[in-house]
Amino acid sequence: MSMKLDSKIPGGELEDKWSKYKFDMKLVNPANKRKHTVIVVGTGLAGASASATMAELGYKVKTFCIHESPRRAHSIAAQGGINAAKNYQNDGDSVYRLFYDTVKGGDFRAREANVYRLAEISPNIIDQCVAQGVPFAREYGGTLTNRSFGGAQVSRTFYARGQTGQQLLIGAYQSMMRQVELKQVELHTRREMVELVVIDGQARGIVVRNLVTGELESHAADAVILATGGYGNVFYFSTNAKLSNVTASWRAHKKGAAFGNPCFTQIHPTCIPYSGDHQSKLTLMSESLRNDGRCWVPKKKGDTRPPEQIPDAERDYYLERVYPSFGNLAPRDIASRQAKYRVDEGLGVGPSKVAVYLDFRDSIQRVGKKGIEEKYDNLFDMYAKITGEDPYKSPMRIYPAVHYTMGGLWVDYNLMSTIPGLHVLGEANFSDHGANRLGASALMQGLADGYFVIPYTIGNYIAGQKIPAIDANHDAFKAAKASAQERIDKLLKVKGSQTVDDFHRKLGNIMWEQVGMARNKPGLEGAIRDIGTLRDQFWNDVRVSGENNNLNPELEKAARVADFLELGELMARDALARDESCGGHFREEFQTADNEALRDDKNFCHVAAWEYTGEAAATGKKNWQRHTEALTFDRVQLATRSYK
Amino acid sequence: MGGTGTTTLNLKLKVWRQNNPQAEGHFEDYDVEGISTDASFLEMLDVVNNRLVKEGKDPIAFDHDCREGICGSCSMTINGNPHGPQRGTTTCQLHMRKFKTGDSITVEPFRAKAFPVIKDLAVNRSAFDKIIASGGYVSVNAGNAPDANARPVPKDVAANAFMAAACIGCGACVAACTNSSAMLFVGAKVSHLGLLPQGDPERERRVLNMMQTMEDAGFGNCSNTGACSLACPKEISFERIANLNSEFLRATVKNRNTSGSVG
Ligand SMILES: Cc1cc2nc3c(=O)[nH]c(=O)nc-3n(C[C@H](O)[C@H](O)[C@H](O)COP(=O)(O)OP(=O)(O)OC[C@H]3O[C@@H](n4cnc5c(N)ncnc54)[C@H](O)[C@@H]3O)c2cc1C
Ligand code: SF4
Ligand code: FES
């Protein structure tokens, strides 16, 4: 099979591409919009904003989420802020600078045209959110205030204490609920998409499982949009919410949607460290804290003094030492690796020695406890509740953890996957962050996709082809339902001896050790083998209790872990095939003398898009084909990324 | 490796089990041993559930997601207190170091007529979504917004609106109220949007419609005990209800004077 990857980037100068696209695109006239149904799966920032906006335009929207209420989507947990090129601080920011920082931050593995559009749209997002009543932090004069995030030397991050995601999501959710009341959006909660339905090569609907009754339901539409979030939970331990999963994307992948750069994972430098077997997840301490917190370890190995008693001269403020110009605001991939190096050198702190300090002593002296409270109150609170320690008194102990996935379903400039009609937004697509995402840019991307990109590109798609009338009784829906039912029955039938969590933890352990912060060829080859073995064991020995016909979280988890067990293998394959280091993808064989990532632009300046080509009937071996989309840089010069 | 030094607890749990919305529920007892004091309340239930699965039994169903106190999913009443004994804390952020070995702990779903049980500890709170749909928004389509700095908002006003907007929609206020009133939830939204200039044009419509929907959904009247605010994990102030009452009165009067045009 040969798959063609056409990014459909419009012609013209970088600055004009999006305007030109909007002028050239095909339009659906207002009266006709209501004749078209669009399915949106997901109600995070991307899905809620897309649902609201398309409904405002007049489309009939059907929206689905696994949550009990759309407002509970994982986006709610985002803490630190959202970027926008407003230049309100008069510190030299511009659309071009945000574009440049994002391309560079992504280690030159994202499309220039997409990133430029994102930067161009960013100011409108802030306008929209403020108009909705999002209570961003303000100055005494009543104007909006900003803070800095990693990888930038300007202050362009808008925030609402440590609860920015919550406030943005509530804004989008409320706009969407308004459309529910107006009957423009038909909302289906506690529904999990378990199959994508493709008819004559077009995405025409989905099959969902009603999580309360276990029934499978079919829904048909003219186009399908996935906004189902990232897949960091493949590692078991991550900062993601517990229900975050890859299932919707994976079902689409197996129906023909290519998966872009699956191995590009972001490991966030500042999370509360792992503390024991009882633990179910890791908790982020927002990057915004590095505005005021300083990372350090003792200079001396085995220094057991309490941190307060270690004098400055005996501390290594390692980020300030290694990266004098960005200091504590070095990008995430770099800050994470530096923490790992310190721990590997035996300089880690705390009982486990797998942690470093994030210290607010100096800022508290400078702006007072109140000043710090105003900015980060809930984060300090959360730290205290989880660890039982007071971070106003002694430094936080932190360590990197899996946080975000830059990889995702491959999409073109229209945000359309390799399946016509299937669009992918937010963290679920692979598009804008290259090999490393800058802080405060995921919220920006999710809302850009939902409020300002898809409302245009969906029209271009719908007006651009023949979409024959079908309904949910079409045979393709029956077939999709049957295969979903078969998978569920199979899971319940195993009745083995290990829990779903047992398998998920084992998978997570393989992923963290071999496909985590540092990767190498033998380790990745081992991971591919081990994941295959674990997958076989899962299908022979998993214990899924309960029934199919009522709320059964164990069964939900089992189906998601089954998909993670396939995705994990693909991530390892992708990491193995990319013989270079870039951004969050660090192959130990490819590093500079001072342990920085060594890119290979000659051979790897491309997106890897993986096509699923099926399973060997005899052995169950999964097969994929790797395709590439070359990345060209017309504006930004490919350079070695330096934050020194 | 928690800062307080890890110890383990043995506990006696009494948990509400109800197989589906129609079924009769009952309490079931579980002895649990060796729970780390660093574990959260939900992580303690995870341990119980893993044991139940291994025994081939149906695990205890409960809603959860972020486990960081922000999504509003977790919803259980612990020894009579929605979200348990710690002030300003959701169930997922309640840690076992707040309990002693040998403690008996009763765990029930949030109880209210408007929140029917789906299974065990999971309830249906879609009535809250209905209330928001009836007016808890600013009617502004994407693309219509003026520059974000076009209307300055005083810092303290923005901060006050933020404190109200911090509501996570968990429903603990309803579960804590003897009348199952949703006034704190509605009051928080009415304050959040009403305080900001952006929310001003729909001020009257919003409060009238949300109050009507609240009543229709089966929530009761304010019991005036303040139990809601004490149970609220985001410590939404009881004064939001006083404000709600005066907003409602103001809107009702205005509505009468303009013969119903704002409703
Ligand atoms: C702790 C934390 C803090 C963060 N802080 C920041 C920050 O400060 N700034 C920033 O820019 N980014 C931040 N991020 C990243 C950012 O929050 C996410 O990337 C972003 O919110 C993802 O939004 P989304 O709309 O793509 O998906 P999500 O918010 O994950 O929403 C996914 C939706 O899909 C639904 N869904 C999933 N699977 C299915 C299925 N099979 N069927 C039906 N529905 C399904 C869910 O119900 C949900 O509604 C943070 C991330 C974490 C983990
Ligand atoms: S007011 Fe408090 S208790 Fe009530 S829903 Fe909001 S956060 Fe929960
Ligand atoms: S699980 Fe999100 S608030 Fe408790």
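Summary of computed values
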item	result
Residue check, A:Leu551 under 20 Å from the mean Cα position of the chain (by Cα) and crowded, with 21+ Cβ neighbours inside 10 Å	no
Among residues of segment B:89-113, those that are more than 8 Å from chain A (Cβ to nearest Cβ) and open to solvent by 10 Å² or more (accessible area, probe 1.4 Å), counted	12
Matching residues, segment A:346-366, being in contact (Cβ under 8 Å) with a residue 24 or more places away in the chain and within 24 Å of B:Ala159 (Cα to Cα)	A:Phe360, A:Ser363, A:Ile364
Pick from segment B:140-169, criterion open to solvent by 10 Å² or more (accessible area, probe 1.4 Å) and assigned to a helix (DSSP H, G or I), ranking: farthest from ligand 2 (Cβ to nearest atom)	B:Lys155
Residues satisfying the stated conditions in segment A:199-223, i.e. polar (S, T, N, Q) and over 17 Å from A:Ile419 (Cβ atoms)	A:Asn210, A:Thr213, A:Ser218
Qualifying residues in segment B:137-165 (those that are more than 7 Å from every other protein chain (Cβ to nearest Cβ) and in contact (Cβ under 8 Å) with a residue 24 or more places away in the chain) - the one nearest to A:Gln128 (Cα to Cα)	B:Arg151
Residues of segment A:303-348 satisfying the condition of being buried (at least 18 other Cβ atoms within 10 Å of the Cβ), out of contact with any Pro (no Cβ under 7 Å at 6 or more places or on another chain) and assigned to a loop (DSSP other than H, G, I, E, B)	A:Tyr323, A:Phe326, A:Ala330, A:Pro331, A:Gly348
3 or more residues within 14 Å of another protein chain (Cβ to nearest Cβ) and within 16 Å of ligand 1 (Cβ to nearest atom): qualifying helices (runs of 4 or more DSSP H) within segment A:17-94	A:45-57
A:Ala257 vs. criteria crowded, with 24+ Cβ neighbours inside 10 Å, closer than 30 Å to A:Ile462 by Cα and either among the small types (Gly, Ala, Ser) or within 16 Å of ligand 3 (Cβ to nearest atom) (or both)	yes
Residue that is farthest from ligand 3 (Cβ to nearest atom) [pool: residues in segment B:30-47 that are of a type in the set (A, V, I, L, M, F, W, C) and in a helix (DSSP H, G or I)]	B:Val47
Among (1) open to solvent by less than 10 Å² (accessible area, probe 1.4 Å); (2) assigned to a loop (DSSP other than H, G, I, E, B); (3) within 17 Å of A:Arg599 (Cβ to Cβ) - the single one A:Asp579 does not satisfy	(1)
Flag if A:Glu217 is surrounded by fewer than 24 Cβ atoms within 10 Å (Cβ to Cβ) and of a type in the set (Asp, Glu)	yes
Residue count, segment B:30-84 (criterion: within 28 Å of B:Glu235 (Cβ to Cβ) and basic (Lys, Arg))	1
Index of the failed condition, A:Tyr392 passing every other in (1) closer than 30 Å to A:Lys370 by Cβ; (2) away from every other protein chain (no Cβ under 14 Å); (3) without any contact (Cβ under 8 Å) to a residue 60 or more places away in the chain; (4) not acidic (Asp, Glu)	(2)
Test: residue in segment A:415-435 that is farther than 30 Å from A:Asp222 by Cβ and in contact (Cβ under 8 Å) with a residue 40 or more places away in the chain	yes
Hey, B:Gly143 assigned by TED's automatic domain parsing to the domain that holds B:Thr213 and within 16 Å of ligand 1 (Cβ to nearest atom) or not	no
Selection from segment B:226-257 of residues that are in contact (Cβ under 8 Å) with a residue 12 or more places away in the chain, away from ligand 2 (no atom under 16 Å from the Cβ) and open to solvent by 30 Å² or more (accessible area, probe 1.4 Å)	B:Phe248, B:Arg250, B:Thr252, B:Lys254, B:Asn255
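Yes/no matrix, rows are residues, columns are (1) free of Cβ contacts under 8 Å to residues at least 40 places away in the same chain; (2) more than 16 Å from ligand 3 (Cβ to nearest atom); (3) part of a helix (DSSP H, G or I); (4) open to solvent by less than 30 Å² (accessible area, probe 1.4 Å):
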position: B:Leu184; (1), (2), (3), (4): no, yes, yes, yes
position: B:Gly187; (1), (2), (3), (4): no, yes, yes, yes
position: B:Ser191; (1), (2), (3), (4): no, yes, yes, yes
position: B:Arg206; (1), (2), (3), (4): no, yes, yes, yes
position: B:Met211; (1), (2), (3), (4): yes, yes, yes, yes
position: B:Met214; (1), (2), (3), (4): no, yes, yes, yes
position: B:Asn224; (1), (2), (3), (4): yes, yes, no, no
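The values are calculated or read from the model by the stated rules, or taken from the named source; none is laboratory data. These numbers were taken from a predicted model, which means no experiment stands behind them. Positions of Cβ are generated from backbone atoms using ideal geometry, with glycine treated the same way; all protein chains shown enter the neighbour counts. In case anyone asks, the SASA skips ligands and DNA or RNA and just uses the protein heavy atoms, side chains included. Shrake-Rupley method; radii C 1.70, N 1.55, O 1.52, S 1.80 Å.
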